[in-house]
1. Condition first: assigned to a helix (DSSP H, G or I) and either surrounded by 21 or more Cβ atoms within 10 Å (Cβ to Cβ) or touching a His at 6+ places or on another chain (Cβ under 6 Å) (or both). Now tell me which residues in segment A:102-118 satisfy that.
2. Considering segment A:157-181 alone, what residues qualify as being surrounded by 18 or more Cβ atoms within 10 Å (Cβ to Cβ) and of a type outside the set (A, V, I, L, M)?
3. Tally the residues that are more than 18 Å from B:Glu33 (Cβ to Cβ) and of a type in the set (Val, Ile, Thr), restricting the search to segment B:56-106.
4. Residue check: is B:Gly62 outside any strand (DSSP E or B), in contact with a His (Cβ under 9 Å, 6 or more places away or on another chain) and over 15 Å from A:Thr14 (Cα atoms)?
5. For the condition within 16 Å of DNA strand D (Cβ to nearest atom) and modelled with pLDDT of 95 or more, what is the one hit in A:Val13, A:Val101, A:Val74?
6. Cβ-Cβ distance below 7 Å, separation of 6 or more or different chains: which pairs start in segment A:87-103 with a residue that is in contact (Cβ under 8 Å) with a residue 40 or more places away in the chain and end on one that is of a type in the set (Val, Ile, Thr) and surrounded by fewer than 21 Cβ atoms within 10 Å (Cβ to Cβ)?
7. Which residue out of B:Arg163, B:Arg150 is touching a residue at least 24 places away in the same chain (Cβ under 8 Å), touching a helix residue (DSSP H, G or I) at 6+ places or on another chain (Cβ under 6 Å) and assigned to a helix (DSSP H, G or I)?
8. Of all residues in segment B:58-67, how many are more than 8 Å from DNA strand D (Cβ to nearest atom) and over 17 Å from the mean Cα position of the chain (by Cα)?
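The values are calculated or read from the model by the stated rules, or taken from the named source; none is laboratory data. Everything numeric here is computed off the predicted structure, so don't read it as measured data. All Cβ positions, even for glycine, are placed from backbone atoms using ideal geometry, and neighbour counts span all protein chains on display.
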Protein chains: 2
Amino acid sequence: MSVFSEVSTTDLVTQIARQITEAIVTGHLKPGERLTELQLSRQFGTSRAPVREAARLLESQGLVTFSPRRGFFVRTFSASEMRDIYELRIGLELHAGYLAVERATDADIAALEKQLGRLYGTAGQASIETQIFEDFAFHRMICKASGNARLIRVYDELATEMRAGITLIGKIYDDPQRMAETHEPIMDALRKRDGDELREALRYHIAVARDAVVALFEELEKGV
Amino acid sequence: MSVFSEVSTTDLVTQIARQITEAIVTGHLKPGERLTELQLSRQFGTSRAPVREAARLLESQGLVTFSPRRGFFVRTFSASEMRDIYELRIGLELHAGYLAVERATDADIAALEKQLGRLYGTAGQASIETQIFEDFAFHRMICKASGNARLIRVYDELATEMRAGITLIGKIYDDPQRMAETHEPIMDALRKRDGDELREALRYHIAVARDAVVALFEELEKGV
DNA sequence: AAAATGCCGATTGTCGACAATTGACACTTT
DNA sequence: AAAGTGTCAATTGTCGACAATCGGCATTTT
C-alpha cells in the first residue's frame with residue numbers, strides 16, 4: 001500500500017499564499033505596493049475569493065497589511081520594527097540554543113556541520129539570495145534542535161519578515177566568506193554542548209546582524 | 001474637529017473572528033469541534049465568505065485547524081503541545097523581563113503594581129476565568145514594558161492558545177490567594193530592577209504553571 | 001457475517017454579480 | 001486662485017449559486 005505517495009491536494013488558497021509570499025520575500029512585490037484583488041485573481045486565473053483568503057492568511061502572518069475598504073498592501077518595515085524583530089529573534093534563538101544544548105541529537109549536530117559547510121560553499125559562488133537562504137537554514141536548524149515545534153513556527157514567521165525586509169536593502173554583508181566564518185563560534189559551542197558559550201556566541205552573532213540591518217534601514221529612512 | 005470620535009468601521013471578518021476566538025477561549029466551542037461554514041454564517045447572519053476569511057485568520061493564529069475538503073475544526077491541544085507553548089513562553093517572557101528591567105518606565109512599574117493589586121482583589125471574589133484573565137494581563141504588562149511590539153504579538157498569540165487550552169481543564173490552581181502571592185518575587189525583582197533576579201523569578205513562576213498544566217493534560221490524555 | 005461497493009445528503013471550493021465605498025479629477029463658487 | 005462640491009471610474013464587501021467532494025449508510029457480494 002505504501003508504494004504510492006500522497007497526491008498533492010494543495011488548495012488554491014495555499015498555492016496563492018505561497019506565491020505571494022515568495023514574491024514579497026524576493027522583492028518582486030515591494031513594500032507599500034497595493035495588492036489589487038482583481039488584478040491578482042486574473043494573474044492566478046482564479047476568482048477573487050481565494051485571493052482574499054490567501055491575503056488574510058498573509059495578513060495575520062504580518063507580511064501584508066489590510067485597510068478596510070482600501071484593500072491589501074505589502075507591509076512596510078521601519079527601522080524600529082526591524083530592530084524589534086531582530087531583538088525578539090535574539091531572545092528566541094538564545095532560548096532555542098539553551099534547549100538545544102541538552103536535546104540536540106548527534107544527527108542534529110551533524111546536520112548543522114553540514115549546513116555550515118554549505119555556507120562556506122555558497123560563499124562567493126552563489127547569489128546573495130541563496131546565501132541569505134542558507135544562513136537562515138542554519139539558524140532554523142538550531143531552533144529545530146530545540147525540539148520545540150511552537151518555537152520553530154515563531155522563528156519561521158520572523159525569518160519571513162526578515163527576508164522581506166532584507167530584500168529592500170539588497171545586501172547585508174559584503175564578505176560572504178567572513179559571514180560563514182562568524183558561525184564558527186556557534187558551532188564550537190554546540191559541539192562542546194556548552195550552553196553559556198552558545199548563548200553568548202548567538203547573542204553576539206545576531207546582534208551584529210541586527211546592527212547592520214537596522215543601520216541600513218535608518219539610512220534608508222533618512223534618504224527618503 | 002476633534003469633537004467627534006471615529007465611527008467604528010470594524011468589518012464583518014474582524015467581528016466574526018473575534019466572536020469565534022471568544023467562543024473558543026471561553027470553551028463554548030470545544031477542541032475538535034467542527035466549524036460548519038453554513039451554520040456559522042447563519043448564526044452571524046452573513047454569507048459564508050466572511051466566515052471563511054475569519055476562519056483563515058484564526059487558522060494561521062493556531063486556534064483553528066483546516067483540512068482541505070473537510071473544513072475547519074477547533075484546534076486540539078496535546079500535553080506536549082502545551083508544554084511547547086509554556087516552554088516558549090518562558091523564553092519569551094524572560095527576554096521581555098531582561099529588556100524591561102532597563103526600559104520600563106516608572107509608569108510601567110506602577111501599572112504592574114496596580115495589576116498585582118487586581119490579582120489579589122479577584123482572589124476568591126471573581127470567577128476562575130476572570131482570575132486567569134487578570135493573570136495574563138499582568139504578564140502581558142511585563143511584555144509591554146519590554147518596549148518590543150513584535151514580542152507582544154507573539155505573547156498574545158501564546159496567551160490565546162494557553163487560554164484555549166486551559167478552559168479544557170477547568171482550573172489550574174486551587175488557591176487564588178496563593179496564585180496572586182506567587183507574583184510577589186517577580187514584582188520585587190522589577191522594583192529593584194534586578195535582571196537576574198527577575199529572570200529567575202519568572203522562570204520559576206512560569207515553570208510551575210507549565211508543570212501544573214502539562215500534568216493535567218497528561219491526565220486528560222490518559223483518561224481518554 | 002464480514003468486506004467491499006454504490007449511493008446520497010451534507011459540506012466545501014470556487015465563481016460571477018451587484019451594491020457600497022473610495023480617491024481623483026473636473027467643476028463651480030467666492 | 002483657493003476652497004469647496006459634484007461626479008465617475010475603480011475597487012472592495014458581500015452575497016447566492018453551482019459543481020466537486022466527503023462521510024456514512026444501505027446494499028450487494030463472497
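1. A:Leu112, A:Leu116
2. Selection gives A:Glu157, A:Thr160, A:Glu161, A:Arg163, A:Gly165, A:Thr167, A:Pro176.
3. Qualifying residue count, segment B:56-106: 4.
4. No; evaluated as a whole, the condition is false for this residue.
5. So the residue among A:Val13, A:Val101, A:Val74 that is within 16 Å of DNA strand D (Cβ to nearest atom) and modelled with pLDDT of 95 or more is A:Val74.
6. Here the result reads A:Arg89/A:Ile206; A:Ile90/A:Ile206; A:Glu93/A:Ile206, each pair linking segment A:87-103 to a residue that is of a type in the set (Val, Ile, Thr) and surrounded by fewer than 21 Cβ atoms within 10 Å (Cβ to Cβ).
7. Just one listed residue meets the conditions, B:Arg163.
8. Residues flagged as more than 8 Å from DNA strand D (Cβ to nearest atom) and over 17 Å from the mean Cα position of the chain (by Cα) within segment B:58-67 amount to 2.
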